[in-house]
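Shown next, in structure tokens, is the structure this report addresses.
Quick note: the coordinates plus some simple rules give every number you see, no bench work behind them. Just so you know, these numbers come straight off a predicted model, no measurement behind them. Glycine gets a Cβ as well: all are built from the backbone with ideal geometry, and neighbour counts include every protein chain shown.
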Amino acid sequence: MASLAPWREASYTLAIWRRHFLVWQRTIYSTLALQVVNPILFLFAYGLGLGAVIQTLDGLDYLTFVLPGMMAYSALFTASFEASVGAYSRYAYQKTWDAMLATPVSLLEVLLGEALWAAFKAMLSVLGVLLVGAIWGGIASVGGAVLAVLALGLASLSFAAVGLACTAHAKSWEFFNYYFTFWVTPNFMFSGVFFPVDRLPDPIEWLSWLLPMTHLIQLVRPLTAGQPLALGPALLHVVFLAVIAVGAFLLAERRLRARMFD
Amino acid sequence: MAATPIIEAKGLAKSYGAVQAVRGIDFAVRPGQCFALLGPNGAGKTTTMRMIMGLTKISAGSLTLFGKPVAQIGRAERARIGLVPQEDNLDPDLSVRQNLEVYGRYFKLPKSVIRERIPALVDFMQLTEKIDQGVMQLSGGMKRRLILARAMIAEPELIILDEPTTGLDPQARVLIWKQLLELKRAGRTLLLTTHYMDEAQRLSDWIVIIDQGRILAEGTPGELIAQHVKGHVFEVAKPLPGVLANGRFEHEDIGDSVLFYVEQPGELRRELPAETSYLHRPANLEDVFLRLTGRKLREN
């Protein structure tokens, strides 16, 4: 059954994913606190705090404006953290990857399993924020929210892939300071989470278009707010996120192959 | 021997730039054998093991596993190998049972097979009472046994043991040795590296001693002892009595005393003046190892 071959091979990647899921189940409450409650606290703080000051932004009430930003933030934070600090501890300290590589599992599958796991975990926190935001009245379009979740899934894979590329180059924990300072934080601050990027000075706005988070928010905000989203630009955003995901993933795999095998 | 070797190296070499870690070695691991690769730090042992496991490319010569060149080894062959690594890489957040289940899935074993094998494996490694405990609550010896059980989940033909008892107390080591001999009796092939010569002597059928990337000696433990340190050792304190100073007996100066190697203890004992202080014991593999690789510390 040659046509079944890719799926048969997929069971190796699935085995890696299931390992991460099992470990997560054992520590579910602490991770839920971090991944779901954390962004919800943000949502309340910004929704109630800034929402009281800012009535509307770009024609949206502030909750509707900030909710997609918070969903994107939880995807960014969760996927980035899991694929960097989480993956690095498995790689360099627990030697989990070495244990996996002593079996028929390949490095590519170890990394695919990591990326899918980080994206899955990111989506759990996205859905938590979405649920609270929807109850609170921040979702204007249910169909749009479904599409937004798909976009967030793709973006989570991009963030995970960049995190893995960073892990592949990290020689110590300190290396992640650069990653959080020069990658995660700018993605959070300069991508339109709290205010539209066109309010930024021009050169900074141009730079913000290099960040996947900016493209994600351009997709997600009109979708959940029930605003029109032009197909052409939307496709460009999707392609940008996909290119980052594939490019960073291949970079991570290449670097780790060179590092782990000689 | 007719059977294809499980592992066969011919002129196997590895260099890292100008550094030659392994300089052309030949050996064959036969099915059902316990084969020990011994050597001081920096001898080329780790490099050789890494080449066997496919983590390091070979520079020259040939290396086959199950009759296939290492470069062509795929999933099918890797599923026939169980690795017991030097460091503990169990999943610390999971239980004994979960560690085995997770590992079984890496070999794509069906759930029913995994479920069936786990009780037998934990029983074999005497971990039945700990089956639902977290790995962090296990002692060092139990963790080692679990790593060994984990390596057995896919019923491998070849088990690679990288210093399997380092850091364990004598009771834990004895138990692991017993179970390894049991595995050998069941027809598994064992490839062992260790710094404990008593371990190698007890378990191995064939020993290769390497240093500076070359094979210094090989044979059964008995052959190596007979050939290099004769069978009996007399450690005689300095100053030596005159009768021993004439070089008639094979000896080695180790500082405060001199080791004499003889086949029959009587040969030397009858020569010793009554007041001489000495220690007589059967020669062992450690004597061979130290004699061949020298007594200088290897630190790298």
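By the count of other C-beta atoms within 10 Å, a proxy for reagent exposure, B:Tyr106, A:Tyr46 are ordered fewest to most as A:Tyr46, B:Tyr106.
GNM on chain A, alpha-carbon springs under 10 angstrom: the most fluctuating residue among A:Trp183, A:Trp117, A:Trp173 is A:Trp173.
What you get for the protein assembly as shown, charging only the Cβ of Lys and Arg (+1) and of Asp and Glu (-1), is a dipole of about 900 debye around the Cα centre. The dipole here belongs to chain A: it is taken about the Cα centre, uses +1 on the Cβ of Lys and Arg and -1 on the Cβ of Asp and Glu, and is about 680 debye.
In the stretch A:55-92, whose amide N lies under 19 Å from the spot 7 Å out along Cα-to-Cβ of A:Asn177? List them in ranges. Residues passing the 19 Å test: A:81, A:84-86, A:88-89.
When chain A is treated as a GNM with alpha-carbon contacts under 10 Å, the residue of A:His215, A:His169, A:His237 showing the greatest mean-square fluctuation is A:His169. For the stretch B:7-224, the spread of Cα positions along the three principal axes, ordered from largest to smallest, is 49, 37, 31 Å. With the simple spin-label model, which puts each label point 7 Å out from Cα in the Cβ direction, the A:Thr185 to A:Arg259 separation comes to 2.3 nm. Here's the picture: charge each Lys and Arg Cβ at +1 and each Asp and Glu Cβ at -1 in chain B, and of B:Thr47, B:Tyr106, B:Ile210 the one pushed furthest to the positive end of that dipole is B:Tyr106. For the options B:Met125, B:Met53, B:Met136, a Gaussian network treatment of chain B with springs between C-alpha atoms closer than 10 Å singles out B:Met136 as fluctuating the most. Projecting the Cα atoms of B:Ala283, B:Ala3, B:Leu121 onto the charge dipole of the protein assembly as shown (Cβ charges, centred on the Cα centre) puts B:Ala3 farthest toward the positive pole. With a 10 Å cut-off around each Cβ of A:7-19, the average count of Cβ atoms from other chains is 3. Checking every one of the trypsin sites (Lys or Arg not before Pro) in the stretch B:199-300 against DSSP loop status and a limit of 10 other Cβ atoms within 10 Å picks out B:Arg270, B:Arg295, B:Lys296.
Which residues make up the longest stretch of chain B that has no GluC sites (Glu not before Pro) in a DSSP loop with at most 10 other Cβ atoms within 10 Å?
Numbers: sites that count: B:Glu275, B:Glu299.
So the longest stretch without any such site is B:1-274.
Between the beta carbons of A:Tyr29 and B:Tyr16, assuming R0 = 35 Å, the FRET efficiency works out to 0.15 to the nearest 0.05. The long axis of helix A:231-260 is offset from the longest Cα principal axis of chain A by roughly 30 degrees. Kindly express, to the nearest 10 degrees and within the range 0 to 90, the angle between helix B:96-106's C-alpha long axis and the longest C-alpha principal axis of chain B. Roughly 80 degrees, rounded to the nearest 10.
For chain B, a crude dipole built from +1 on the beta carbon of Lys and Arg and -1 on the beta carbon of Asp and Glu, taken about the Cα centre, is about 1100 debye to the nearest 20.
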